[in-house]
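Enquirer: Can you keep this structure in mind? I'll have questions shortly.
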Amino acid sequence: MNKRSIKIPERCSAQIKEMWQDEEGFWAAAAPGWCFDTLSGYLLLAETEEELMSEAGDHIRPEEYEVRDMDGQRGSVVSYERACSLLPQLRLGYSIISTGTGENFERIQSSVHRRHQDYLTLEQEDGTTIYSLPDYSLTVREELQKDGTIRLTPLTGAVAYTSRSWQELPEDGLYAACLSLEQQINREARKGKEEPQPLLQVTGDPSAPLVSALLALPIPKRTGLIEVNPIAGSALSIQAIPQSQPSDLKIIHRISQLLQDNGYEEASKFLDCAYEL
């Protein structure tokens with residue numbers, strides 16, 4: 001059967017990103033910053049829609065993350081919001097790991113990423129490649145995945161200190177550095193090939209009616225129209241993203257209509273009133 005979207009209950013609209021039914025059963029996907037106490041961590045499967053509605057709120061919880069140094073030692077435990085703000089400044093070789101699932105934050109939240117790293121590459125006779133960065137030298141084996149992305153598998157690595165003496169990079173730091181570089185390469189390769197950029201950006205507390213309603217919409221319906229940034233305690237902010245697209249009012253009208261078509265009339269009225277449509 002085809003995938004059928006299910007409306008998310010108001011009581012867990014901030015915690016659940018999407019609900020749907022397919023041939024395997026009834027599913028719920030956790031919103032950013034949340035996870036289920038299930039094996040997968042981010043997905044919940046039920047046999048019936050009633051069971052899904054009953055269990056969704058019971059099995060979901062805020063996700064926490066630990067910051068690890070190059071030796072893999074835990075430094076501190078941080079919230080989702082803190083992880084988002086910390087990652088762009090995080091030192092290469094350090095990592096942020098979910099305490100619930102063990103997943104690396106850079107894979108969990110691909111829209112948040114580290115600062116750009118400049119590098120040079122040198123291909124070796126044995127088929128490996130050396131990535132030379134200002135403070136690191138990473139020897140990796142490159143592998144092209146079926147989806148066109150590149151996977152970097154580290155072989156050896158070293159970190160340079162101010163004395164310019166090279167020391168072996170610990171295994172945890174080596175894998176973290178390779179993942180960060182791999183994410184950057186794939187992200188930059190996708191530029192211009194991705195889905196349309198959103199026309200409107202809404203930031204605010206997940207409990208705000210507009211933010212809650214937008215989060216409840218299936219992601220494919222929001223794609224190319226709106227980007228939602230749920231931040232606990234944040235004031236509501238609505239901004240049109242400048243680009244060669246229809247005028248601001250046309251953008252707002254399209255999103256308002258989208259909300260109305262999916263049963264979120266109050267949120268649609270709020271947007272109409274805010275822009276005097």
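Enquirer: Residues in the range 45-71 that are loosely packed, with under 15 Cβ neighbours inside 10 Å and small (G, A, S): how many?
Expert: 2
Enquirer: Out of the residues in the range 258-277 meeting the condition of being of a type in the set (S, T, N, Q) and surrounded by fewer than 19 Cβ atoms within 10 Å (Cβ to Cβ), tell me which one is modelled with the lowest pLDDT. Lay out the reasoning, then the answer.
Expert: Quick first cut of the range 258-277, residues of a type in the set (S, T, N, Q) only: 260, 262, 268.
Now drop any that are not surrounded by fewer than 19 Cβ atoms within 10 Å (Cβ to Cβ), which leaves 260, 262.
Working: Q260: 77, N262: 74.
Here the residue is N262.
Enquirer: Outside any loop (DSSP other than H, G, I, E, B) and over 21 Å from L174 (Cβ atoms): is that true of R107 in this structure?
Expert: Numbers: outside any loop (DSSP other than H, G, I, E, B): yes; over 21 Å from L174 (Cβ atoms): no.
Answer is no for this residue.
Enquirer: Scan the range 162-206 for residues that are among the charged types (D, E, K, R) and at pLDDT 90 or above and jot them down. I'd like the intermediate steps shown before the answer.
Expert: Step one: filter the range 162-206 for residues among the charged types (D, E, K, R), giving 164, 168, 171-172, 182, 187-188, 190-191, 193-195, 205.
Within the range 162-206, E171, D172, E182 meet the criteria.
Enquirer: Modelled with pLDDT of 90 or more, outside any loop (DSSP other than H, G, I, E, B) and touching a helix residue (DSSP H, G or I) at 6+ places or on another chain (Cβ under 7 Å): is that true of R151 in this structure?
Expert: For R151, the condition - modelled with pLDDT of 90 or more, outside any loop (DSSP other than H, G, I, E, B) and touching a helix residue (DSSP H, G or I) at 6+ places or on another chain (Cβ under 7 Å) - is met.
Enquirer: Then there's this: Identify the residue in the range 100-120 that is hydroxyl-bearing (S, T, Y) and closer than 13 Å to E182 by Cβ and, among all such residues, is modelled with the lowest pLDDT.
Expert: Pass one, the range 100-120, residues hydroxyl-bearing (S, T, Y): 101, 110-111, 119.
Within this subset, residues satisfying the condition of being closer than 13 Å to E182 by Cβ are 110, 119.
Details: S110: 79, Y119: 92.
Residue satisfying both the conditions and the ranking: S110.
Enquirer: Take I6 and decide whether it is touching a helix residue (DSSP H, G or I) at 6+ places or on another chain (Cβ under 9 Å), of a type in the set (V, I, T) and closer than 24 Å to V211 by Cα. So that I can check it myself, show each step before the final result.
Expert: Details: touching a helix residue (DSSP H, G or I) at 6+ places or on another chain (Cβ under 9 Å): yes; of a type in the set (V, I, T): yes; closer than 24 Å to V211 by Cα: yes.
Yes: the conditions hold for I6.
Enquirer: May I ask you to list the residues in the range 121-137 that are in contact with a helix residue (DSSP H, G or I) (Cβ under 7 Å, 6 or more places away or on another chain) and at pLDDT 90 or above?
Expert: Within the range 121-137, the subset in contact with a helix residue (DSSP H, G or I) (Cβ under 7 Å, 6 or more places away or on another chain) is 131, 136.
Within the range 121-137, Y131 is the sole residue that qualifies.
Enquirer: Now for a different question. Can you tell me which residues in the range 9-44 are among the β-branched types (V, I, T) and open to solvent by less than 10 Å² (accessible area, probe 1.4 Å)?
Expert: Taking the range 9-44 and keeping what is among the β-branched types (V, I, T), we get 16, 38.
Listed by number, the list holds a single entry, I16.
Enquirer: Also: As an exercise: evaluate A189 against (1) surrounded by 15 or more Cβ atoms within 10 Å (Cβ to Cβ); (2) farther than 27 Å from R74 by Cβ; (3) within 25 Å of the chain's Cα centre (by Cα); (4) touching a residue at least 24 places away in the same chain (Cβ under 8 Å) and give the number of the one condition it does not meet.
Expert: A189 satisfies all of (1) surrounded by 15 or more Cβ atoms within 10 Å (Cβ to Cβ); (2) farther than 27 Å from R74 by Cβ; (3) within 25 Å of the chain's Cα centre (by Cα); (4) touching a residue at least 24 places away in the same chain (Cβ under 8 Å) except (1).
Enquirer: Next up: With respect to D135, determine if the residue is over 28 Å from the mean Cα position of the chain (by Cα) and more than 30 Å from K17 (Cβ to Cβ). Don't jump to the end; show me each part of the working.
Expert: On the way: over 28 Å from the mean Cα position of the chain (by Cα): no; more than 30 Å from K17 (Cβ to Cβ): yes.
Judged against the criteria, D135 is not a match.
Enquirer: Would the range 140-152 turn up any residue that is of a type in the set (S, T, Y), over 22 Å from the mean Cα position of the chain (by Cα) and more than 25 Å from R74 (Cβ to Cβ)?
Expert: Let us first name the residues in the range 140-152 that are of a type in the set (S, T, Y), namely 149.
Now restrict to residues that are over 22 Å from the mean Cα position of the chain (by Cα): none.
No, the range 140-152 contains no residue that is of a type in the set (S, T, Y), over 22 Å from the mean Cα position of the chain (by Cα) and more than 25 Å from R74 (Cβ to Cβ).
Enquirer: Would you check which residues across the range 145-186 are open to solvent by 40 Å² or more (accessible area, probe 1.4 Å), touching a residue at least 12 places away in the same chain (Cβ under 8 Å), closer than 16 Å to S132 by Cα and of a type in the set (D, E, K, R) and list them?
Expert: Of everything in the range 145-186, just one residue is open to solvent by 40 Å² or more (accessible area, probe 1.4 Å), touching a residue at least 12 places away in the same chain (Cβ under 8 Å), closer than 16 Å to S132 by Cα and of a type in the set (D, E, K, R), namely E168.
The values are calculated or read from the model by the stated rules, or taken from the named source; none is laboratory data. This structure is a prediction, so every number in the text was calculated from the model and none was measured. Counting neighbours? That spans all protein chains shown, and the Cβs are built from the backbone with ideal geometry, glycine included. Heads up: the accessible areas ignore ligands, DNA and RNA and are worked out on the full protein's heavy atoms, side chains in. Shrake-Rupley method; radii C 1.70, N 1.55, O 1.52, S 1.80 Å.
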